[in-house]
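Q: The structure is given below, and queries will be raised subsequently.
The values are calculated or read from the model by the stated rules, or taken from the named source; none is laboratory data. Please read these numbers as outputs of a predicted model, since none were measured by experiment. Positions of Cβ are backbone-derived with ideal geometry, glycine not excepted, and every protein chain shown enters the neighbour counts. In case anyone asks, the SASA skips ligands and DNA or RNA and just uses the protein heavy atoms, side chains included. Shrake-Rupley method; radii C 1.70, N 1.55, O 1.52, S 1.80 Å.
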Amino acid sequence: MSKNKNNFGERKKIDLHMHTTASDGASTPAELVDTCLELGLETIAVTDHDNLNSVKETQALASKKGLKVIPGIEISTYRGGAEYHILGYFIDLENDALLGLTEAILDSRVERTHKMIEKLSQMGYPLEFEDVKKFATGVSLGRPHLARAMVEKGYIDEIGDAFTQELIAGGGKAYAEKKNVLPAEAIEVILNAGGIPVIAHPYVINHGPALEQAEIARLKEVGLKGIEVYQTKHDQKTTEHYKKIANELDLLITGGSDYHGENSPGILPGDCGLSRAELEKLEAFMQKENSESPK
């Protein structure tokens, strides 16, 4: 594939939604940095699910090679059964409240994995916890690790086969929810950590409809600062729809590929992302917030 073009149009040099082996990505921090540089990226954000464990390592590796890494996270939250993912950017990696929340969520992921293993075993797909855990090279267990264990056992042919309503897709027969964090709680913690809270891929909400302006406005009332407008889960019409909502609600615009390595087949860094001008708006917002916050 060309470094400059892809199935989504021109490759972006700024990609603010990426996952590593610390959660459900397949790339180590070193592999992620090398892939991004090979494809010509300049700025990325590491946004692993519910943990910060790869951020510092990725920053250290990237700084030696001229790649900028913004510290980030993607927190899974629930509202009325629907699963909202809240991205946090420019966060303080040492913030006690944020670290406490991530620890509680990670503990719940282990419990959730046990529940899904039990359901799968009852359905005729026997698995042990160690069968799954060995695929999680980081601290966070996710459904892709379950899927890889099922492939290894010969129950399915490829990872994507697990993500059906018969197995572990959202709301599927073997699905189990994570810790029930409210969107407002995640937003508050991200703000407390000096970050920018953003709603991820608002068109794709597990167990719920796409988010529209009224619901996004309610999230703004509790501190939401932005919308992930550019996303590989959004087509052009959807992108324009959420850009309009962001402008009408005076919310920041972000974007990224949602890259998971081989766990997201067909998606590469830079498939979606921001222009330099859009990144500068985010950075200017952070500078303004920092200058106005009490010392």
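Q: Return the Rg/Rh value of segment 101-197, two decimal places, where both radii are evaluated on C-alpha atoms and Rh is the Kirkwood radius.
A: Result for segment 101-197 is an Rg/Rh of 1.05.
Q: Counting pairs of alpha carbon atoms under 8 Å apart in space and at least six apart in sequence, what relative contact order in percent does the chain give?
A: 23 percent
Q: So what is the 222 nm mean residue ellipticity for the chain from helices alone, if each DSSP H run of at least 4 adds -39500 (n - 2.57) and you divide by all residues, rounding to the nearest 500 deg cm²/dmol?
A: Taken over the chain, the calculation gives -12000 deg cm²/dmol.
Q: Still on this structure, I have one more. Using only the alpha-carbon atoms of segment 188-295, report the extent along each of the three principal axes, biggest first, to the nearest angstrom.
A: Largest to smallest, the principal-axis extents are 46, 29, 25 Å.
Q: Still on this model: Which net charge results for the neighbourhood of residue 65, defined as the other residues with beta-carbon distances under 14 angstrom from its beta-carbon, given Lys and Arg at +1 and Asp and Glu at -1?
A: -3
Q: Once amide H atoms are placed 1.01 Å from N in the peptide plane, what residues at a sequence separation of 5 or more from residue 206, or on another chain, have their amide H within under 5 Å of its amide H?
A: 83
Q: Which ³J(HN,Hα) values in Hz, rounded to whole numbers, follow from the phi angles of segment 18-23 under the Karplus curve 6.51 cos²θ - 1.76 cosθ + 1.60, where θ = phi - 60° and Gly and Pro get x?
A: 9, 10, 10, 5, 5, 10
Q: Hull surface divided by four, with the convex hull built on the Cα atoms of segment 126-165: how many nm²?
A: 2.8 nm²
Q: What part of the accessible area of the chain, given as a whole %, is carbon or sulfur when the probe is 1.4 angstrom?
A: 49 percent
Q: Could you work out how far apart the two model spin labels at residue 34 and residue 153 are, taking each label as a point 7 Å from the Cα in the direction of the beta carbon, and quote it in nm?
A: 3.3 nm
Q: Principal axis lengths of segment 47-165 from Cα atoms, whole Å, largest first?
A: Computed over the Cα atoms, the extents are 47, 37, 22 Å.
Q: Please compute the Kirkwood hydrodynamic radius over segment 15-105, one decimal place, Å, based on all pairs of different Cα atoms.
A: Here the Kirkwood hydrodynamic radius works out to 13.4 Å.
Q: With the cut-off at 1.5 for a/c, could you classify segment 193-242 from its C-alpha gyration tensor as rounded, prolate or oblate?
A: Prolate.
Q: Among DSSP beta bridges lying fully in the chain, give the percent that are antiparallel, nearest 5.
A: Counting only bridges with both partners in the chain, antiparallel ones make up about 50 percent.
Q: Please give me the summed charge of the neighbours of residue 160: other residues whose Cβ is under 14 Å from its Cβ, Lys and Arg +1, Asp and Glu -1.
A: Residues close to residue 160 contribute a combined charge of -4.
Q: What is the extension gain from residue 185 to residue 289, computed as 0.36 nm multiplied by their sequence separation minus the C-alpha to C-alpha distance, in nm to one decimal?
A: 35.4 nm
Q: Here is a follow-up. Taking the full set of protein chains and a 1.4 angstrom probe, give the accessible area of residue 123 in square angstrom, rounded to the nearest 10.
A: It works out to around 70 Å².
Q: Hey, which of these cross-link pairs are over 21 Å Cα-Cα: 68/134; 220/288; 68/281?
A: From the list (68/134; 220/288; 68/281), the Cα-Cα distance tops 21 Å for 68/134.
Q: So for the pair residue 104, residue 249, with labels modelled 7 Å out along Cα→Cβ, what separation do we get in nm?
A: About 2.4 nm separates the two model spin labels.
Q: Still on this model: Name the residues whose placed amide hydrogens come within less than 5 Å of the amide hydrogen of residue 26, ignoring near sequence neighbours (fewer than 5 apart) on the same chain.
A: 261, 262, 263
Q: Can you give the relative contact order of segment 1-101 as a percent, counting alpha carbon pairs under 8 Å and 6+ residues apart?
A: Computed value for segment 1-101: 22 percent relative contact order.
Q: How much accessible surface area, in Å² rounded to 10, belongs to the heavy atoms of residue 79 with a 1.4 Å probe?
A: 90 Å²
Q: Ok, one more. Tally Lys/Arg at +1 and Asp/Glu at -1 over every other residue whose Cβ is under 15 Å from the Cβ of residue 22; what's the total?
A: Neighbourhood net charge equals -4.
Q: How large is the accessible surface per residue of the chain, computed with a 1.4 Å probe and reported in Å² as a whole number?
A: 44 Å²
Q: May I ask what percent, to the nearest 5, of DSSP beta bridges between residues of segment 27-180 are antiparallel?
A: Here the antiparallel bridges make up roughly 60 percent for segment 27-180.
Q: When N counts the residues of segment 252-295, how does its alpha-carbon radius of gyration compare numerically with 2.2 N^0.38 Å, as a ratio?
A: 1.61
Q: Another question, if that's okay. Taking the Cα centre of each part, how many Å lie between segment 59-83 and segment 6-56?
A: So the separation of the two Cα centres works out to 9 Å.
Q: Turning to a different aspect of this structure: If you take the beta carbon distance between residue 280 and residue 236 as r and set R0 to 25 Å, what does 1/(1 + (r/R0)^6) give as a FRET efficiency, to the nearest 0.05?
A: 0.60
Q: For segment 78-121, what is the convex hull volume of its Cα atoms per residue in Å³?
A: Dividing the Cα hull volume of segment 78-121 by its residue count gives 100 Å³.
Q: Kindly provide the Kirkwood hydrodynamic radius of the chain in Å, to one decimal, from all pairs of distinct alpha carbon atoms.
A: Kirkwood radius, the chain: 19.3 Å.
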